[in-house]
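The next block holds one structure in the form of structure tokens; read it before the comments.
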Amino acid sequence: MTGRTGGPPAAPAAPRAAGDSVAVVVDGPGAHRLVAHEPRDPGPGEALVRVHATGICGSDREVYQGNRPEGYVRYPLTPGHEWSGTVERVGEGVPASLTGRKVVGEGFRNCQVCDRCHAGETTLCSAGYEETGFTRPGAMAATLTLPARLLHVLPDGADLTAAALLEPAACIAAAALKANAVPGERVAVVGTGTLGMFAVQFLRANSPAELLVVGTRDDREELSRRYGATDFRTKDRELPDDFDVVIETAGSAGAARTAAALLRRGGRLVLTGIPAPGADGLDPTDLVVRQLEVHTVFGAPPDAWAHTVRVFAAGLLDPLPLVTHELPLAGFSEAIELVGSGDPKVGKVLLRP
């Protein structure tokens, strides 16, 4: 497959014999198995999706290692919250025209009736946290059955491998919408991983006067500029302090402070990274005196998903260069190790049923 950057060639997916259907199950921290998977028929309002690919991210590694925050995982569990696929069957009350369509899907299982859900803030649902791949069965399986209302339909010609990265893209779309960058503003991104590269693409679409990327690795400059950055600096170099908008995606201990320091007085900051306990906090005096506007993002509400699918369909998002490895579901352990290896040649890792 084309569209790879860096790293060894992607491992081919294992051939699937007729009738062979499997799923990954994490029984608890450090314990997983590959099990026979029986597709669950869709009930009223549901759809059964044949999974094409599932992405691995740091939160999946947290699930496997057992250090995801309490209340945000429920074992035993089939992980997988970043995915793409094709609708195979639908349940009662779901338009039959959805069958055969390429789709991606929201992860948060919101109640739809609380004040926050009615306001469109489904990631803040008052009924409590429920999410595909963390508290509900995820997409590291041959199929996934979920409420059809969570699906977003893709163009018929969409590349499903690229589309498997639209969940992290939607999280960054939420950040971009909160940042509300307008043409001609000076914008910056802190972080050069998958989320950072999506932030560059979303901000570039708004025609900024300048687009600075700040990271820790010089080898990310080429890709950053390919996606639209006009300047690239590692955080140990002298950095400006007069940008209008900054989106932070790194999640490292000092990333929030680095991002805030890039802003002019009255600038807008959106934090998306979740650092380990003990990270450097923002100085409240600095925030008040400089009148900084600070937003945070945890997950993606429906408007961010819809925005992501529109931008992807318009050809303004190019996820494929971020993918460096594709493995079969049996390669779950290897995938988890790759994600946590720190190897600069490892980008996005996908599992293929």
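Give me the net charge for the shell around residue 152: Cβ to Cβ below 13 angstrom, other residues only, Lys and Arg +1, Asp and Glu -1.
+1
In Å², and per residue, what accessible area does the chain have when probed at 1.4 Å with the other protein chains present?
Computed with neighbouring chains in place, this is 43 Å² per residue.
Measuring from the lowest to the highest alpha carbon on each principal axis, how far does the chain reach, largest first, in angstroms?
The Cα atoms of the chain stretch 60, 48, 40 Å along the principal axes, largest first.
Within the chain, what percent of beta bridges assigned by DSSP are antiparallel, to the nearest 5?
50 percent
Hey, can you rank 339-347, 171-179 by average C-beta count inside 10 Å, highest first?
Per-residue Cβ counts within 10 Å, averaged per peptide and sorted highest first, yield 171-179, 339-347.
Where does the charge balance sit around residue 100 when Lys and Arg score +1, Asp and Glu -1, over other residues with C-beta under 13 Å from its C-beta?
+2
With axes computed from alpha carbons, what is the tilt in degrees of helix 166-179 against the longest principal axis of the chain, rounded to the nearest 10 within 0 to 90?
30 degrees
At 1.4 Å probe size, put 185, 293 in order of accessible surface, largest to smallest.
Greatest to least solvent exposure: 293, 185.
What nm value, rounded to one decimal, do you get for the distance between residue 72 and residue 113 when each label is placed 7 Å out toward the C-beta?
Modelled inter-label distance: 2.8 nm.
Report the net charge of residues surrounding residue 133, where surrounding means a beta-carbon distance below 13 angstrom and charges are Lys +1, Arg +1, Asp -1, Glu -1.
Local charge sum for residue 133: -2.
Ignoring ligands and nucleic acids, what accessible area does residue 295 show with a 1.4 Å probe (Å², nearest 10)?
Roughly 50 Å² of residue 295 is accessible to a 1.4 Å probe.
Please enumerate, by chain and number, the lysines with C-alpha under 25 Å from the C-alpha of residue 102, excluding those fewer than 8 residues away in the same chain.
Of all the lysines, those that pass the test against residue 102 - Cα under 25 Å, at least 8 places apart if same chain - are 348.
Only Lys, Arg, Asp and Glu count, each charged at its Cβ (+1, +1, -1, -1), so figure out the dipole size of the range 232-295 about its Cα centre, rounded to 20 debye.
Dipole magnitude for the range 232-295 comes out near 80 debye.
Check the straight Cα-Cα distances from residue 345 and name the lysines below 28 Å, setting aside those fewer than 8 residues away within the same chain.
Within the straight-line limit of under 28 Å, residue 345 reaches these lysines: 235.
Averaged over every viewing direction, what's the projected area of the C-alpha convex hull for the range 48-166? Give it in nm², one decimal, please.
Average of the hull's projected areas for the range 48-166 equals 7.8 nm².
Report, in degrees rounded to the nearest 10, the 0 to 90 angle that the Cα long axis of helix 302-313 makes with the longest principal axis of the chain.
So the helix axis and the longest Cα principal axis differ by about 90 degrees.
Principal axes first, then extents: for the Cα atoms of the range 159-222, list largest minus smallest coordinate on each axis, whole Å, largest first.
Computed over the Cα atoms, the extents are 33, 28, 18 Å.
Please give the FRET efficiency for residue 236 paired with residue 298, using the beta carbon to beta carbon distance and R0 = 35 Å, rounded to the nearest 0.05.
0.75
Using the beta-carbon distance between residue 333 and residue 219 and R0 = 30 Å, what value does 1/(1 + (r/R0)^6) give for FRET efficiency, to the nearest 0.05?
Approximately 0.65, to the nearest 0.05.
If packing is taken as the average number of other Cβ atoms within 10 Å across a peptide's residues, how do 150-159, 278-287 rank, most packed first?
150-159, 278-287
FRET efficiency for residue 27 and residue 88, Cβ-Cβ distance as r, R0 = 25 Å, nearest 0.05?
So the FRET efficiency works out to roughly 0.35.
If we sort 216-227, 186-197 on the protection proxy, mean other Cβ atoms within 10 Å, highest first, what's the order?
The packing order, highest mean first, is 186-197, 216-227.
The values are calculated or read from the model by the stated rules, or taken from the named source; none is laboratory data. Not measured: the values here are computed from a predicted model. Here the Cβ is made from the backbone with ideal geometry for all residues, glycine too, and neighbour counts use every protein chain on show. The protein model used for the area step is the full one, side chains on, heavy atoms only, and it has no ligands, DNA or RNA in it. Shrake-Rupley method; radii C 1.70, N 1.55, O 1.52, S 1.80 Å.
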